[in-house]
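Below: one structure, written as structure tokens.
Values in this text are rule-based calculations from the coordinates and carry no lab data. What you are looking at is a predicted structure, and each value in this text was computed from that prediction instead of being measured. Cβ coordinates were reconstructed from backbone atoms using ideal geometry, including for glycine residues, and neighbour counts include every protein chain displayed.
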Amino acid sequence: MEVRFNNGWNSEWPNRWFFDRVNDLVKPHQVNPGYEVPRTDVIESEDGYHFYFEMPGMKADSITVKVEDGNLIVEAEPRRPEFSGKTTTHRSERRYSKFHRAFHLPENYASQPVTAAYKDGVLEVSVAKPAEAKPIKIKVNLN
């Protein structure tokens with residue numbers, strides 16, 4: 001899946017620039033079979049953009065969130081559980097691939113404050129809107 005607004009896809013969105021490209025690893029099994037791409041919801045509010053990454057079973061200390069070269073990058077690596085004593089694995093269906101997802105941010109957003117919180121298997125990353133991007137309500141005085 002590639003979301004592009006520059007070529008008119010999803011032109012009903014007012015901020016077409018925001019998803020001018022999704023990370024290079026959108027098709028992880030074709031591009032890099034060692035990575036999983038977490039499912040993500042992106043929500044815009046008055047104060048900024050909020051990304052919700054589905055990352056079940058992850059420990060918060062294994063998640064990295066950074067803004068680099070104008071990209072919001074989220075990476076994580078689940079740890080395979082260690083079992084004490086002598087054990088035999090009869091079935092192993094859970095995946096322990098690295099997670100990687102990146103979204104290109106416009107220049108005026110790349111330097112804005114970013115916060116991240118992980119709860120119940122969902123990572124929320126918030127990118128604040130720059131002051132010039134927020135709507136300003138102007139009071140009209142009566143003369």
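Rounded to the nearest whole Hz, the Karplus-based 3J(HN,Hα) values (6.51 cos²θ - 1.76 cosθ + 1.60, θ = phi - 60°) of segment 80-90 follow the sequence 5, x, 9, 9, 7, x, 7, 10, 10, 8, 9, with x at glycine and proline. Centre-to-centre, using Cα atoms only, segment 41-77 and segment 78-143 are separated by 2 Å. Across segment 66-108, the residues whose backbone nitrogen lies under 19 Å from the label position 7 Å along the beta-carbon direction of residue 131 are 107-108.
When you have a sec, figure out the Kirkwood radius of segment 52-102 from all distinct Cα pair distances and drop it here in Å to one decimal? The Cα-based Kirkwood calculation yields 13.1 Å.
Note the full-extension length gain between residue 61 and residue 45 as 0.36 nm times their separation in residues minus their Cα-Cα distance, in nm to one decimal. Could you put the intermediate results ahead of the total?
Numbers: separation 16, 0.36 × 16 = 5.76 nm, distance 2.77 nm.
Fully extending the segment from residue 61 to residue 45 adds 3.0 nm.
Can you flag which of 59/86; 59/119; 66/137 are past 21 Å Cα-Cα? Exceeds cut-off: 59/86; 66/137.
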